[in-house]
Amino acid sequence: MRKILWSPTLLSGRLSLLPEALKTFEEKGVDYLHVDVMDGHFVPNYALGTGFIRDLRDMCSLPLDIHLMIERPDMNLDRFDIRPGDIVSVHVESTPHIVRSLQQVRDRGARAFAALCPGTPAEALLPLGPYLDGVLCMSVNPGFAGQKILPGTERHISLIRAAMDHMGLENADLEVDGNVSFDNVSSLIRAGANMFVGGSASLFYAGASVAENVDRAREAVRAFVPDP
Ligand code: DX5
Ligand code: ZN
């Protein structure tokens with residue numbers, strides 16, 4: 001059984017509450033912090049950048065899960081404070097040089113994930129096996145937090161997992177990003193995913209505290225956690 005991992009997306013939380021939320025994530029031993037970087041070109045929105053990542057390092061010691069929604073990541077990766085143990089996801093649609101981008105991530109000591117938009121076939125991964133530590137599957141159109149999960153997501157996940165198995169990446173992480181909720185996470189696991197971006201429908205659910213949300217998220221996947 002693959003380990004179930006959670007990665008809260010800082011885009012979905014209120015900035016004023018961030019220091020408190022980071023403290024809770026650290027105390028609760030959450031796996032990563034998901035940082036959405038948007039350039040207004042690859043996606044029609046702007047979000048967190050190099051300065052935010054630099055300042056985050058002073059506030060929290062959890063590894064980062066940096067999701068680059070930018071054009072030509074291979075031209076801009078040097079600008080980011082990427083550290084060993086981080087995950088960096090680069091979109092296959094964002095550059096003609098996806099292999100170079102993945103190599104650059106590993107050169108910085110981080111784990112290289114290829115990200116796929118909802119309409120990108122799983123087959124796009126097939127040439128990338130030797131360069132991949134994991135895959136990020138978008139379950140909404142990238143660019144905005146708080147959307148609804150797209151129909152077809154589970155099918156996409158199962159096709160991606162089959163492609164990963166085909167490449168000998170059975171133990172690599174398959175992360176789902178967009179509207180992962182307490183209710184839908186079990187069916188995403190059954191489809192083949194094991195890592196989840198927690199946003200407005202889970203770790204940043206507004207009806208409860210962040211600590212309660214972390215407990216509820218762990219409870220929602222308990223049936224899939226291997227016995228110690
Ligand atoms: C969307 C981002 C997601 C988003 C998910 O483009 O990549 O990480 O913030 O947040 P929720 O789950 O709140 O939609
Ligand atoms: Zn994201």
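The accessible area of ILE98, taken with all protein chains in place and a 1.4 Å probe, comes to roughly 20 Å². In nm, to one decimal, how far is the modelled label at ASP227 from the one at LYS3, with both set 7 Å along Cα→Cβ? Reported label-point gap for ASP227 and LYS3 is 2.1 nm.
Per-residue 3J(HN,Hα) values for the stretch 82-93, derived from phi via the Karplus relation 6.51 cos²θ - 1.76 cosθ + 1.60 with θ = phi - 60°, read 9, 10, x, x, 6, 10, 10, 9, 10, 6, 5, 7 Hz in sequence order (x marks Gly and Pro).
Ranking MET75, MET69, MET59 from most to least accessible surface, computed with a 1.4 Å probe over the protein chains only, gives MET75, MET59, MET69. Distance between the modelled labels on HIS97 and GLU71, one decimal in nanometres: 1.6 nm (7 Å Cα→Cβ projection).
If one computes the Cα centroid of the stretch 1-74 and of the stretch 91-128, what distance in Å separates the two points? Their Cα centres are 19 Å away from one another.
Placing +1 on each Lys and Arg Cβ and -1 on each Asp and Glu Cβ, with no other charges, gives the chain a dipole about its Cα centre of roughly 100 debye. Close amide H partners of SER139, meaning residues 5 or more places away or on another chain with modelled amide H under 5 Å apart, are ASP177, GLY178. Note on exposure: ASP165, ASP177 ranked by accessible area (1.4 Å probe, complete protein assembly) read ASP165, ASP177, with the most exposed listed first. Here the chain is scanned for trypsin sites (Lys or Arg not before Pro) in DSSP loops (not H, G, I, E, B) that have at most 12 other Cβ atoms within 10 Å, and the longest stretch holding none of them is 15-147. Applying a DSSP loop filter and a limit of 14 other Cβ atoms within 10 Å to the GluC sites (Glu not before Pro) in the stretch 120-196 leaves GLU170. Here the stretch 5-220 carries DSSP beta bridges of which approximately 5% are antiparallel, counting only pairs with both residues inside.
Going by a ≥ b ≥ c, the root eigenvalues of the Cα gyration tensor, does the stretch 5-220 fall in the rounded group (a/c under 1.5), the prolate group (a/b larger than b/c) or the oblate group? Oblate shape, in that a/c is at least 1.5 and b/c is the bigger or equal ratio.
The residues of the stretch 28-129 expose on average 42 square angstrom of accessible surface per residue, using a 1.4 Å probe on protein heavy atoms.
The values are calculated or read from the model by the stated rules, or taken from the named source; none is laboratory data. Source: prediction; values computed, not measured. Methodologically, a virtual Cβ is constructed for each residue, glycine included, from the backbone with ideal geometry; neighbour enumeration extends over all protein chains shown. What goes into the accessible areas is simple: the full protein's heavy atoms, side chains included, and nothing from ligands, DNA or RNA. Shrake-Rupley method; radii C 1.70, N 1.55, O 1.52, S 1.80 Å.
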